[in-house]
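What follows is a single structure, written as structure tokens, with notes after it.
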Amino acid sequence: MILASFPLPLRYALRELRAGVRGFGIFLACLALGVTAISGVDAISHALSDGLRSQGRIINGGDIEFSLIGREASPDELAFLRKQGQLSIVGGTRAMARTADGRTALVEIKAVDNLYPLLGEAALRQGKALQATIGGEGVNTNGVADPTLFARLNLQPGSGVSIGALWVTLADSLTSEPDKLAGGIGFGPRLMLSLDALRVSGLIQPGSLIRWRYRLLLPADITPDSIKQQANEAFPQAGWEIRTRDDASPELRRGIDRFTMFITLVGLTSLLVGGVGVANAVRAFVERQRNNIATLKTLGAGSNLVTGIYLTQTMLLAALGIIIGLMAGAALPFILAYGFAEYLPLPLTPVISPRGLLLAATYGILTALAFSLLPLGRAREIGVSALFRDAIAPARRWPGPFFLISALIPVLALIALAVVFAADKRVAVVYVGAALGAFILLRLVASLLMALARRMPRPRSTSLRLALANIHRPGTATPSVVLSLGLGLCLLVTLTLIDGNIRHQLAAAIPDKAPSFFFVDIRGTDAPRFDAFLKAAAPDATAERVPMLRGRIVAVKDVPVEKLNVPADTAWVLSGDRGITFADSVPEGSSVVEGQWWPAGYAGPPLVSLERGIARGLGLSLGDPITVNVLGRNITAKVGAIRKLEWQSFGINFVLVYSPDTFRGAPVTDIATLTWPHGASDPTELAVLKQVADAFPAITTVRIKDTLETFATLAGQLAMAIRAAAAIALVASILVLAGALAAGQNSRLYDAVVLKVLGATRGRILFAYVLEYGLLGLATAVFGVAAGTACAWLIVTYLMDFSFTFLPGPALSAAFGAMALTIVFGLAGTWRILRQKPAGHLRSL
């Protein structure tokens with residue numbers, strides 16, 4: 001009775017679904033996979049963002065933090081801060097830790113006062129309180145360190161290291177610190193000292209690269225934003241970076257947003273690839289229902305009714321797949337939070353995001369509509385007699401204009417959603433263009449392949465002749481195979497070559513040109529002695545030394561940076577302090593592309609040279625002003641030259657280079673590099689490292705090999721995450737490939753029966769199918785490798801500014817895998833066909 005009250009198309013659709021969803025497994029899996037990816041990553045992103053917000057006070061170390069580099073807060077600034085609430089001071093810098101027997105390691109020093117931490121707890125392995133463990137008298141002090149430092153220097157609790165003028169006894173290992181996320185990526189293990197110890201270490205000198213953090217706990221009735229406004233009004237040239245509890249780690253938040261966008265685009269890719277599977281499933285469904293459709297039309301059912309019945313049934317099945325995907329995606333953050341919380345580096349607060357679920361469901365519905373309307377429209381347009389003839393000779397006819405337009409509308413809606421909801425709309429537009437281009441190119445490749453097979457001379461080999469005929473015959477799966485396999489392979493080759501080029505640059509190309517050491521915090525009084533020392537210790541190496549300060553860009557063309565809207569790939573230059581320098585001549589590794597360099601001895605108004613990409617991102621051209629705060633003073637200079645930099649050389653490169661007179665009289669420290677002509681062996685480098693640590697304990701030495709290993713580890717972790725995400729699209733490709741080959745099994749069964757009756761052996765038919773699938777896989781692999789290589793070249797060359805190297809091993813491995821997949825999936829269904837006896841099937845014809 002209830003069913004009778006439904007509209008007629010819905011009643012028919014529900015009756016047919018009583019038989020189950022057999023034949024729609026690929027359809028459901030493709031939609032569920034893409035929807036899971038999109039809804040899951042949105043849920044995880046919200047969980048991470050909510051975790052950061054809920055833990056914002058702890059991560060930030062307080063309600064609000066004021067950060068300065070190179071100088072401490074002035075008495076007036078400090079008095080202002082103390083009036084606002086409970087104040088804790090933390091100092092951070094890098095230094096060399098040296099054991100009694102000469103072993104050295106770069107460490108990230110964190111010097112804390114007796115109120116640290118204002119929130120949360122710093123945990124030690126032995127369970128003692130932090131404040132009771134660190135501290136001491138004079139230059140003899142206790143500290144705690146990350147377990148990595150104990151392992152790197154082969155130390156035990158109670159061992160000691162020297163840092164500057166200090167002798168630090170490592171009393172315990174540090175297992176966690178509540179504000180670690182706010183500190184960003186470190187190049188060495190953490191070593192925590194008392195603030196008093198840092199003050200007597202000799203590391204604090206004018207111009208030293210020490211970051212001072214002033215953290216406040218505010219009264220309940222005072223908001224961080226009001227304190228931020230008051231501080232900027234009272235000290236407009238302080239130059240401090242201010243972070244509140246609501247934005248404790250902006251770099252991490254931006255990273256989450258970018259990664260969310262990437263995974264969403266991967267999810268869309270899997271949906272688009274899965275759309276081919278949807279079209280295949282609907283086409284196969286229409287083929288199975290051919291007799292029913294013909295019967296309904298014969299009995300007087302109109303085309304609109306027939307189309308409505310099967311469109312309703314298709315969308316009901318699509319809704320089932322979408323619901324499965326939504327449930328799986330919504331469950332992902334809860335699975336991560338409760339099953340893998342101890343392995344996660346970030347706080348995770350699992351939530352259900354209605355907005356994300358609605359967006360993922362919309363993507364799924366639009367994909368199902370876009371790829372199912374055309375196959376259904378074809379059934380609508382074909383007459384009764386043509387439907388019956390489809391068993392042998394499928395009619396080639398496009399649906400009418402109404403269905404073409406109806407299919408185009410969801411495609412345009414998908415494009416609009418992808419761009420509107422993207423964190424970086426430029427990347428989204430590029431992605432949409434690339435996806436559309438890939439679809440068009442792959443369809444052209446399929447058509448070209450079919451045309452070549454049709455026009456090739458008839459070979460003598462019966463198996464090869466049959467294979468070529470199968471590629472271009474009516475109803476062939478060639479377009480579906482090429483589309484699904486080509487998209488997945490293109491994505492795989494692109495990611496593989498990008499990852500390989502990054503590793504190649506880090507492991508091979510960069511070390512050939514990169515210096516062996518960076519030396520930081522060289523005082524002006526020590527510079528001549530340090531130059532002479534390097535010349536004696538490493539006579540075959542080349543040393544370069546330049547002055548350096550730290551400054552923060554506060555205005556561009558007289559517009560405060562807070563009001564600027566800059567591209568994501570430029571925003572990093574505004575997010576904190578940057579290294580700046582001054583020079584009479586163009587620095588090595590740079591070339592002027594716009595304007596001209598100031599003459600030697602120039603003493604006019606301040607001029608600055610910017611890196612080309614940053615200048616474009618900030619909208620700066622020659623003559624435009626840019627303001628930088630250095631040591632509490634705003635300095636405005638006009639752009640006099642724009643440079644192109646060789647970032648991958650790892651030499652001394654600066655985004656901002658000023659005319660020398662700009663910073664006359666400012667406390668400056670130098671930075672230096674040491675480069676051997678053809679590299680140096682580990683023993684040679686370690687020997688120089690030890691000599692520098694002995695002779696200049698206050699100078700921080702960064703070994704490039706260790707830095708590259710850190711970058712390589714991070715790149716490897718990121719590559720693993722990207723591969724895991726891309727696997728979603730690859731799985732969708734494999735599902736669609738399997739579905740495309742399975743959709744043609746009925747026609748292949750018919751062919752196999754006829755061939756057997758005519759005397760063909762099982763081996764000959766099998767060999768023909770191997771040739772067919774091998775040719776399809778080979779053609780698709782060639783395109784996938786070519787297109788993937790082109791995409792990787794564009795990204796590596798123009799976005800990453802690296803030189804591109806084609807890596808044949810990974811690319812050809814992917815191509816071989818594509819051929820193997822095609823043959824394996826093709827033969828998996830074919831073997832069952834070849835085992836069938838002809839008699840039973842002949843009787844059913």
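The values are calculated or read from the model by the stated rules, or taken from the named source; none is laboratory data. Please read these numbers as outputs of a predicted model, since none were measured by experiment. Virtual Cβ from ideal backbone geometry, glycine too; neighbours counted across all protein chains shown. Side chains included, ligands, DNA and RNA excluded: accessible areas come from the protein's heavy atoms. Shrake-Rupley method; radii C 1.70, N 1.55, O 1.52, S 1.80 Å.
Worth pointing out:
- Unique residue being out of contact with any Lys or Arg (no Cβ under 8 Å at 6 or more places or on another chain) and either over 26 Å from Val630 (Cβ atoms) or open to solvent by 10 Å² or more (accessible area, probe 1.4 Å) (or both) when the list is Arg213, Arg245: Arg213
- Some residue of the range 181-203 being polar (S, T, N, Q), over 34 Å from the mean Cα position of the chain (by Cα), more than 30 Å from Ala238 (Cβ to Cβ) and crowded, with 16+ Cβ neighbours inside 10 Å: no
- Residue list for the range 406-434, filter: outside any helix (DSSP H, G or I) and of a type outside the set (D, E, K, R): Phe421, Ala422, Ala423
- In this structure, Ala477 qualifies as surrounded by 14 or more Cβ atoms within 10 Å (Cβ to Cβ), under 24 Å from Val278 (Cβ atoms), modelled with pLDDT under 80 and more than 31 Å from the chain's Cα centre (by Cα).
- Single unsatisfied condition, Gly613 versus (1) open to solvent by 30 Å² or more (accessible area, probe 1.4 Å); (2) within 19 Å of Val657 (Cβ to Cβ); (3) touching a residue at least 60 places away in the same chain (Cβ under 8 Å); (4) in a strand (DSSP E or B): (4)
- Answer residue from the range 367-397, given it is more than 20 Å from Ser480 (Cβ to Cβ), open to solvent by 20 Å² or more (accessible area, probe 1.4 Å) and in a helix (DSSP H, G or I) and is modelled with the highest pLDDT among those: Arg380
- Candidate set: the range 63-112, residues that are in a helix (DSSP H, G or I) and acidic (Asp, Glu); chosen: the one farthest from Asn232 (Cα to Cα): Asp76
- Listed by first and then second residue, the pairs linking a residue in the range 781-795 that is free of Cβ contacts under 8 Å to residues at least 60 places away in the same chain to a residue that is open to solvent by 30 Å² or more (accessible area, probe 1.4 Å) and of a type in the set (Asp, Glu), with Cβ atoms under 9 Å apart and 6 or more places separating them unless they lie on different chains, form an empty list.
- Only residues that are open to solvent by 60 Å² or more (accessible area, probe 1.4 Å) and assigned to a helix (DSSP H, G or I) were counted across the range 513-530, and they come to 3.
Residue by residue, here is whether (1) aromatic (Phe, Trp, Tyr); (2) modelled with pLDDT of 80 or more; (3) open to solvent by less than 50 Å² (accessible area, probe 1.4 Å) holds:
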{"position": "Thr462", "(1), (2), (3)": "no, no, no"}
{"position": "Ala467", "(1), (2), (3)": "no, no, yes"}
{"position": "Leu487", "(1), (2), (3)": "no, no, yes"}
{"position": "Leu506", "(1), (2), (3)": "no, no, yes"}
{"position": "Ala532", "(1), (2), (3)": "no, yes, no"}
{"position": "Asp540", "(1), (2), (3)": "no, yes, no"}
{"position": "Met548", "(1), (2), (3)": "no, yes, yes"}
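- Residues satisfying the stated conditions in the range 624-637, i.e. at pLDDT 90 or above and open to solvent by 10 Å² or more (accessible area, probe 1.4 Å): Asp624, Pro625, Thr627, Thr636
- Selection within the range 588-599: residues that are part of a loop (DSSP other than H, G, I, E, B) and at pLDDT 85 or above. The member of this set that is farthest from Ser659 (Cα to Cα) is Gln596.
- Filter pass, Asp577 being of a type in the set (Asp, Glu), touching a residue at least 40 places away in the same chain (Cβ under 8 Å) and crowded, with 17+ Cβ neighbours inside 10 Å: yes
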